[in-house]
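Here is the structure we will look at, set down as C-alpha cells.
The values are calculated or read from the model by the stated rules, or taken from the named source; none is laboratory data. All of these numbers come straight from a predicted model, not from anything done at the bench. Quick reminder, even Gly has a Cβ in these numbers, built from the backbone with ideal geometry, and neighbours come from all protein chains shown.
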Amino acid sequence: MVLRGITFNSALFKTRQNVRNSEHGTTDSTGSATAYFGPLLLLISHHIIPYTESTPAANSRVSAFRLFLPSISSGFRPAKSSSYDGMRIRLPMLLALALSFSNIQLNAQNTPQDKIQTPQSFSKQVTRTIGCQYLISFPRNYDATSATNWPMILFMPGAGERGTAVWNVSVIGPAIYAAQHADFPFILVTPQCPAGEIWSNEVLLALLDEVAAKHKVDAKRVYLTGLSLGGFGAWTLGLAHPERFAAVAPICGGSERMQVVVAAHGFAGSINIEQLRKMPVWVFHGAKDPIVPIEESKRMVEALKYAKCEEVLFTIYPEAYHDAWTETYNSPILDRKSVV
C-alpha cells in the first residue's frame, strides 16, 4: 500500500483472523483493531527506518520509509469498540499524525539519527615555530660558488642520540664513515631529534627546504636513511613523500603497512603510490634484533612488493642483533649477495 509517497508493508497491519471476520458480521472475542491504534501510534513514532522506494508511482524526490510493527503490539488487549473498517478509515490520519509527532524530515540523511548528539564543527588557526639542531658536512671538492650541485644524504639517528647535545649525532651512522674517508661524495645532513619525541615529517621537510635553499644540493639525488628510531622516521617520511627522494634505506625500523596496502588499492590518502612504486627502497635488519623485531621490516617489504613497487631490496644479517647499521654504513658498496 502506497500512501503519499510512503510505502507500508500491509502484512504488518494484518489483524487477527477474528478481527478480519468482523467485515462479515463476526466480532473479535477480545475486541476490534481500533484499540491497537494507541500502541501502533507509539510504535510508528519510534520504528521508522529509511529505505529506497523504487515503484514507478513513487515520487523520486520523496524519501520512502518502511514501518515495521514489533510483536510487542500483540501483547496489548484491545477494548471492544469498532471493526476492521474503522482501521482502514483511520489509518491514513493516524500515520500522518505519527509522522508529524516524530518530526521526521523526508531527507533522512540530513537528520541526526541520535537526538542526544548534534553535528558541530569548529576551526582554529594555529601558529607555531618549528626547527631542530643538525650537523652538516660537505664533500672535499665542494664549492659554494660553483654551478655544480651535489648529492645529499639525510640521516636520522636513533633514540639514544636525542636531546640537546647535537654532537651526539656524530658518533653513529654515516658520519663516522664520512669522517674516515676524505672522498665521501655527499653533503651529509644529520638532524637531532628532541628528547622524548619522535621524528616529525613537518620538521624534516622544512630542514630539507632550508638546506636546499642555502647549499648546492642536487634535488634529484637526495637520499634518505635512518637507524632504529631513525629507521621508523625514514619509513614514515619516505612513504609520505617519495617524490622528494632518490632512494630510501631504513635500518632496523618499521612503519604502518596498511597505508601502503590501502594505497595499492587506489585509496592513496597521503601516499603518492605512483611515485612510491618508482622509488628504490633497500631495507636492512638483524635477524636476532631483540628491540625492533625483524618482522617489522618483513611486513613493510611484503607491503611494498604487494603494491608492485619496482625496486625493493631486503638485507638480513643472520647473526646481527639490533646493531644492523655498523656493517651497513661501513660498506661503501653493499654486498648484494646478502640480499633476499
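Tabulated results
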quantity: Residues satisfying the stated conditions in the range 187-218, i.e. acidic (Asp, Glu) and either in a helix (DSSP H, G or I) or in contact (Cβ under 8 Å) with a residue 40 or more places away in the chain (or both); calculated: GLU202, ASP209, GLU210, ASP218
quantity: Test result for SER228, in contact with a Ser or Thr (Cβ under 9 Å, 6 or more places away or on another chain) and either in the same structural domain as ILE273 (by TED's automatic domain parsing) or on the phi < 0 side of the Ramachandran plot (or both); calculated: no
quantity: Filter pass, LEU304 being touching a strand residue (DSSP E or B) at 6+ places or on another chain (Cβ under 8 Å) and over 17 Å from MET156 (Cα atoms); calculated: yes
quantity: Residue within the range 291-312 that is over 22 Å from the mean Cα position of the chain (by Cα), outside any loop (DSSP other than H, G, I, E, B), within 26 Å of PHE184 (Cα to Cα) and at pLDDT 95 or above present; calculated: yes
quantity: Residue match in the range 229-251 (condition: over 23 Å from LEU208 (Cα atoms), touching a strand residue (DSSP E or B) at 6+ places or on another chain (Cβ under 7 Å) and of a type outside the set (Ser, Thr, Tyr)); calculated: no
quantity: Odd one out for VAL222, checked against (1) in contact with a helix residue (DSSP H, G or I) (Cβ under 7 Å, 6 or more places away or on another chain); (2) assigned to a helix (DSSP H, G or I); calculated: (2)
quantity: Test: residue in the range 266-275 that is in contact (Cβ under 8 Å) with a residue 12 or more places away in the chain and touching a Ser or Thr at 6+ places or on another chain (Cβ under 7 Å); calculated: no
quantity: Boolean, PHE184 is touching a residue at least 24 places away in the same chain (Cβ under 8 Å), hydrophobic (A, V, I, L, M, F, W, C), assigned by TED's automatic domain parsing to the domain that holds ALA249 and touching a helix residue (DSSP H, G or I) at 6+ places or on another chain (Cβ under 6 Å); calculated: yes
quantity: Matching option when the condition is part of a loop (DSSP other than H, G, I, E, B) and either outside the structural domain of LEU205 (by TED's automatic domain parsing) or surrounded by 21 or more Cβ atoms within 10 Å (Cβ to Cβ) (or both), among GLY254, GLY233; calculated: GLY254
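For (1) farther than 22 Å from GLY160 by Cβ; (2) out of contact with any Phe, Trp or Tyr (no Cβ under 7 Å at 6 or more places or on another chain); (3) crowded, with 17+ Cβ neighbours inside 10 Å; (4) in contact (Cβ under 8 Å) with a residue 24 or more places away in the chain, each residue gets a yes or a no:
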position: GLN259; (1), (2), (3), (4): yes, yes, yes, no
position: VAL281; (1), (2), (3), (4): yes, yes, yes, yes
position: HIS285; (1), (2), (3), (4): no, yes, yes, yes
position: VAL292; (1), (2), (3), (4): no, yes, yes, yes
position: MET300; (1), (2), (3), (4): yes, no, yes, yes
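Residues are listed down the side, and each one gets a yes or a no for (1) hydroxyl-bearing (Ser, Thr, Tyr); (2) crowded, with 17+ Cβ neighbours inside 10 Å; (3) closer than 16 Å to SER228 by Cα; (4) out of contact with any strand residue (DSSP E or B) (no Cβ under 8 Å at 6 or more places or on another chain):
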residue: GLU161; (1), (2), (3), (4): no, yes, yes, yes
residue: ALA165; (1), (2), (3), (4): no, no, no, yes
residue: ASP183; (1), (2), (3), (4): no, no, no, yes
residue: LEU188; (1), (2), (3), (4): no, yes, no, no
residue: GLN192; (1), (2), (3), (4): no, yes, yes, no
residue: GLU197; (1), (2), (3), (4): no, no, yes, yes
residue: ALA206; (1), (2), (3), (4): no, no, no, yes
residue: ASP209; (1), (2), (3), (4): no, no, no, yes
